[in-house]
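Worksheet: one structure, shown below.
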Amino acid sequence: MKKFLAVFDGYKMSNSTLNYAIQLSKVVNANLVGVFLDEFIYRNYNVVAVMKTNEDYTEKMKEMDAKDQLKRDEAAQHFQKACGKAGISYSIHRDKSIALQELKHESMFADLIIINEYETFTKYKEELPTRFMKDLLSDVQCPVLLVSNKFKPVDKIVLLYDGAPSSLYAIKMFSYLFGNFQDLPVEVFSVNERKANLRLPDNKLMREFIKRHFPKATYNVATGEAEEQILDYLHNHKENELIVLGAYRRSELSRWFKTSMADTLMRKLDTALFVAHNK
């Protein structure tokens, strides 16, 4: 049985994360772990403001902390009820130390992380990709499924392939985890910068590999600039795709100069992204 982690901020629980996690856990009969990152220094109120506006701020903070705890407890109970209703195997982890460190550590013992791409584990909103997500993806120990705020049941799989080891590794990991998705259409999409060439990189070997894992897959090879072609192609689709790609393989320094494709797709598309990278 595979082990999936559904990651939540108990103060603002993501129902899309919960719904995607339940759908995918059912597909492969996975054990779903609700990971609630209840970081002890993360409060849902402004500590400084409470101290400035209350003479007896110690008692006020105790009251506010109790409300915070209740909200986090209600989120965990909501997860428990939803999993029970769906009839899936589940458990709950309440991690109280530093959120990012806790999740990276748990990722060593998981097959997949499912998380809302907007998560910050702070009171503040950030532009995509958030700092938390960048730090997680750069050093996570298992594949990550990034989901948007709105749940859309997956009805098509798009495998992005550029001939690099990272893209093939992501496709392998997806096939190992979700071989049961065979009833959904699967498409391999690639971009060749040479306009006269509409062949996949390592065409024969790639088609042989895909045939073994996704025997009904179709192929689409475009020409031009990769980012532009991928975005144009995906923007024109009406299906609810799950996009598979390799990412965050470069060093920290090089990412200053070249944006990851995962970052671009997070900003531009409202769809689920399966991200995996080999180191």
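The values are calculated or read from the model by the stated rules, or taken from the named source; none is laboratory data. What you see is a predicted model; the values in this text were computed from it and never measured. Every residue, glycine among them, receives a Cβ derived from its backbone with ideal geometry; neighbour counts consider all protein chains shown.
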Looking at (1) more than 17 Å from residue 2 (Cα to Cα); (2) under 16 Å from the mean Cα position of the chain (by Cα), can you tell me which one residue 143 breaks? (1)
Hey, any hits in the stretch 51-65 for a residue that's free of Cβ contacts under 8 Å to residues at least 60 places away in the same chain and either assigned to a strand (DSSP E or B) or on the phi > 0 side of the Ramachandran plot (or both)? no
Out of (1) over 25 Å from residue 261 (Cα atoms); (2) part of a helix (DSSP H, G or I), the odd one out for residue 94 is which? (2)
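Quick check on my filter: what residues within the stretch 132-163 are closer than 18 Å to residue 265 by Cα and in a loop (DSSP other than H, G, I, E, B)?
In the first step, residues of the stretch 132-163 are kept if they are closer than 18 Å to residue 265 by Cα; the result is 132-138, 143-152, 154, 156-162.
Correct list: 143, 148, 149, 150, 151, 152, 154, 161, 162.
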Of the residues in the stretch 25-50, those that are touching a strand residue (DSSP E or B) at 6+ places or on another chain (Cβ under 7 Å), in contact (Cβ under 8 Å) with a residue 60 or more places away in the chain and not hydroxyl-bearing (Ser, Thr, Tyr) come to 30, 31, 33, 35, 37
Name the single residue that is modelled with the lowest pLDDT among those in the stretch 141-193 being in contact with a Ser or Thr (Cβ under 9 Å, 6 or more places away or on another chain) and among the charged types (D, E, K, R). 193
Positions within the stretch 261-278 being buried (at least 17 other Cβ atoms within 10 Å of the Cβ) and in contact (Cβ under 8 Å) with a residue 40 or more places away in the chain, in sequence order: 261, 262, 263, 266, 271, 272, 273, 274, 275, 276, 277
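So which of 184, 177 is touching a residue at least 60 places away in the same chain (Cβ under 8 Å), within 23 Å of residue 21 (Cβ to Cβ) and surrounded by 12 or more Cβ atoms within 10 Å (Cβ to Cβ)? Break it down into steps so the answer makes sense when it comes.
Working: 184 fails: touching a residue at least 60 places away in the same chain (Cβ under 8 Å).
Matching residue, one of 184, 177: 177.
Taking the stretch 173-192, which residues are farther than 27 Å from residue 112 by Cα and out of contact with any helix residue (DSSP H, G or I) (no Cβ under 7 Å at 6 or more places or on another chain)?
Of the stretch 173-192, the ones farther than 27 Å from residue 112 by Cα are 191-192.
192, the sole residue that qualifies.
Among 215, 201, which is in a loop (DSSP other than H, G, I, E, B), within 25 Å of residue 30 (Cα to Cα) and at pLDDT 90 or above? Outline the logic, then answer.
Numbers: 201 fails: within 25 Å of residue 30 (Cα to Cα).
One residue alone meets the criteria, 215.
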Hey, among the residues in the stretch 26-44 that are in a loop (DSSP other than H, G, I, E, B) and either of a type in the set (D, E, K, R) or at positive phi (or both), which one's surrounded by the fewest Cβ atoms within 10 Å (Cβ to Cβ)? 29
Please verify whether the stretch 108-126 includes one or more residues that are part of a helix (DSSP H, G or I), within 23 Å of residue 145 (Cβ to Cβ), in contact with a strand residue (DSSP E or B) (Cβ under 7 Å, 6 or more places away or on another chain) and of a type in the set (D, E, K, R). no
Conditions (1) in a loop (DSSP other than H, G, I, E, B); (2) at pLDDT below 95; (3) crowded, with 16+ Cβ neighbours inside 10 Å; number of the one not met by residue 13: (2)
Which residue is nearest to residue 211 (Cα to Cα), if the candidates are limited to the stretch 141-172 and must be in contact with a Gly (Cβ under 9 Å, 6 or more places away or on another chain) and surrounded by fewer than 22 Cβ atoms within 10 Å (Cβ to Cβ)? 168
Can you find a residue in the stretch 197-204 that is out of contact with any Pro (no Cβ under 9 Å at 6 or more places or on another chain), assigned by TED's automatic domain parsing to the domain that holds residue 103, surrounded by fewer than 15 Cβ atoms within 10 Å (Cβ to Cβ) and farther than 19 Å from residue 230 by Cα? no
